[in-house]
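A.B. asks: This is the structure I want to talk about, given as structure tokens.
Throughout, read-outs are computed from the coordinates displayed, never taken from laboratory work. Predicted model, so just to flag it, every value in this text is computed and none were measured. Because the Cβ atoms are built from the backbone with ideal geometry, glycine has one as well, and the counts that use them run over all protein chains shown.
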Amino acid sequence: MLREVTTIFLRAGRQRLLAATVILVVFIAFADWRVGNTVSLGVLYILPMMLGALVLRPGETAALALLCAFLRASFDVPSSHAEKILRFAFACLAYFTSGLFVTALVRNRELVVENLSRVEREQTLRQEAEERLRALVESSPAAIITVDHRGMVLAANHAAETLFAIPEEQELPGRVIASYLPLLSDALRINVAEEGFRTAAQCYGRRENGEVFLANTWFSTYPGPEGTHLAAIVVDSSEEMRDREEENLRQLFRYNRIAAAAVSHDVRNLCSAISMLCSNLGEKHRLDQDEDFQGLMRLVKGLEQIALLELQSRSQEKLEEVPLQAVLDNLRIVIDPGWRDTDGVVRWHVAKDLPLVVADPHGLLQAFLNLVQNSQRAVEQMDMRELTISTHITEGKVFVRFQDSGPGIRSPENLFQPFQPGAEGTGLGLYISRAVVRSYGGELRFEPQEKGSCFVVELQAV
């Protein structure tokens with residue numbers, strides 16, 4: 001009730017309250033003067049004190065208390081001098097205390113209003129955040145679910161119900177997650193710290209109709225009132241896996257054709273040399289009529305025709321216009337972590353605004369990666385492990401250099417020969433990489449250096 005009255009008075013404004021206070025003080029003083037010395041009306045001064053304290057500062061309230069005490073003493077009943085002093089002191093204390101009470105009440109009211117406004121503002125912000133979060137979760141194309149300590153689904157968005165093929169008249173919450181993603185159920189049984197853990201995993205999931213799919217999951221555990229809870233984001237990666245495997249198969253066929261074309265080129269050269277030698281032998285030893293010799297010539301011609309057909313089928317392939325910058329960015333993502341793990345450094349000196357080149361993005365990336373891996377093996381035993389990748393553009397050509405700080409190449413003339421003795425694996429890496437680059441109309445060559453080794457990939461700019 002007192003707060004409501006205080007609110008009503010405060011709405012009147014400072015000027016009006018001060019005017020009302022002055023009027024009350026004058027009215028009470030006049031009434032006290034009219035009554036005379038028989039009765040004291042000093043207790044009524046508490047009303048203007050409480051009214052004025054609503055808008056006055058503490059110092060101003062004290063001044064008003066002294067004024068009221070002085071007026072009270074002026075029209076008080078007769079008494080001794082000591083009694084007048086005591087009455088004046090107690091009157092000042094009573095008036096000032098009543099004013100301070102009202103001041104504290106007003107201050108408390110302001111604090112309550114401020115706290116209430118802050119709470120309402122926080123509630124509004126919280127509701128807005130919850131609405132935005134709810135909208136984000138519901139509109140997310142990824143499935144988002146929360147699971148309790150028993151493995152029961154607590155909440156799920158529409159994408160989750162679509163992912164697990166839940167019928168429209170049914171809901172995913174309340175079901176056991178182990179029926180759909182056993183990995184999440186197993187994660188709840190792991191003993192972890194109170195703060196939980198966060199991780200990502202790829203696993204197989206199962207839909208309501210029994211269909212199996214490949215799922216990428218990102219999940220974290222957090223403590224709940226009854227045990228460990230889990231929140232997860234799930235994405236169906238089956239389509240990506242199919243595309244990746246189909247692309248890998250296409251790349252395998254393409255590399256096989258490139259390797260076969262490179263071998264066919266060498267076989268064709270050998271067949272030409274053998275044919276020339278056979279012609280010389282036939283003229284020298286008069287073997288033109290020998291059936292075995294003629295059979296050998298036919299075999300060589302047949303092998304040469306097979307090699308020629310392989311080369312012709314390879315030349316009919318269509319190439320693409322590839323952004324070289326994107327290929328180098330992908331290469332950087334792949335190789336930088338491995339070099340950091342071996343305390344190596346890859347220095348990039350790549351020109352800005354690299355043009356498009358004639359190539360296949362996957363094949364070109366594999367050729368670059370093969371050169372980088374060779375350099376990484378070469379610098380493993382060196383004190384300084386560095387690889388510098390730089391680009392240079394001139395006359396419609398783009399040159400990509402790979403220069404390392406390794407021990408160098410002892411026999412450069414055997415670099416691009418297949419099945420080299422002492423090479424790791426089959427020794428076909430540089431042979432096939434050069435064949436791949438040549439299939440784009442480019443070239444891969446070795447440049448001698450005083451220290452280390454340097455390979456240059458030449459590509460045609462669009």
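A.B. asks: If you average over every viewing direction, what projected area does the convex hull of the Cα atoms of the range 320-460 give, in nm²? Could you put the intermediate results ahead of the total?
C.D. replies: Working: hull surface 33.2 nm².
So the Cα hull casts an average projection of 8.3 nm².
A.B. asks: Continuing with the same structure: Within 10 Å of each residue's Cβ, count the other Cβ atoms and sort K397, K352 from fewest upward. Walk me through the numbers on the way to the answer.
C.D. replies: Numbers: K397 14, K352 6.
Listed from fewest to most nearby Cβ atoms, that is K352, K397.
A.B. asks: Another question, then. Which value in Å is the Kirkwood Rh of the range 44-175 over different Cα pairs?
C.D. replies: Working: mean 1/r = 0.0484 Å⁻¹.
Kirkwood hydrodynamic radius for the range 44-175: 20.7 Å.
A.B. asks: Compute the convex hull volume of the Cα atoms of the range 2-117, divide it by the residue count, and report the result per residue in Å³ as a whole number. Present the calculation step by step, with values, prior to reporting the outcome.
C.D. replies: On the way: hull volume 10.6 nm³, N = 116.
Each residue corresponds to 92 Å³ of Cα convex hull volume.
A.B. asks: Provide V358, V176 in ascending order of the number of other Cβ atoms located within 10 Å of each residue's Cβ, fewest first.
C.D. replies: Ordered by Cβ neighbours within 10 Å, fewest first: V176, V358.
A.B. asks: Can you order the peptides 160-167, 123-130 by their average number of other Cβ atoms within 10 Å per residue, highest first? Write down the numbers at each step before the final one.
C.D. replies: Details: 160-167: 18.6, 123-130: 10.0.
My ranking of the peptides, most packed first, is 160-167, 123-130.
A.B. asks: Separate question: Tell me the volume per residue, in Å³, of the convex hull enclosing the alpha carbons of the range 143-236.
C.D. replies: On the way: hull volume 7.4 nm³, N = 94.
Convex hull volume per residue, Cα atoms: 79 Å³.
A.B. asks: Quick one: putting +1 on the C-beta of Lys and Arg, -1 on the C-beta of Asp and Glu, what dipole do you get for the range 143-236 around its Cα centre, in Debye to the nearest 20? Before the final figure, lay out the partial values.
C.D. replies: Details: 6 positive and 12 negative charges, 57 e Å.
Result for the range 143-236 is approximately 280 debye, rounded to the nearest 20.
A.B. asks: Whose amide H sits under 5 Å from the amide H of A165, counting only residues 5 or more places off or on another chain, with H placed in the peptide plane?
C.D. replies: HN-HN under 5 Å from A165: E208.
A.B. asks: Additional query: Most exposed first by the Cβ proxy, i.e. fewest other Cβ within 10 Å, how do L116, L71 rank? Each step should come with its number before you reach the end.
C.D. replies: Working: L116 10, L71 21.
Ranking L116, L71 by Cβ neighbours within 10 Å, fewest first, gives L116, L71.
A.B. asks: For the range 345-361 and the range 145-171, write down the distance between their C-alpha centroids in whole Å.
C.D. replies: About 46 Å separates the Cα centre of the range 345-361 from the one of the range 145-171.
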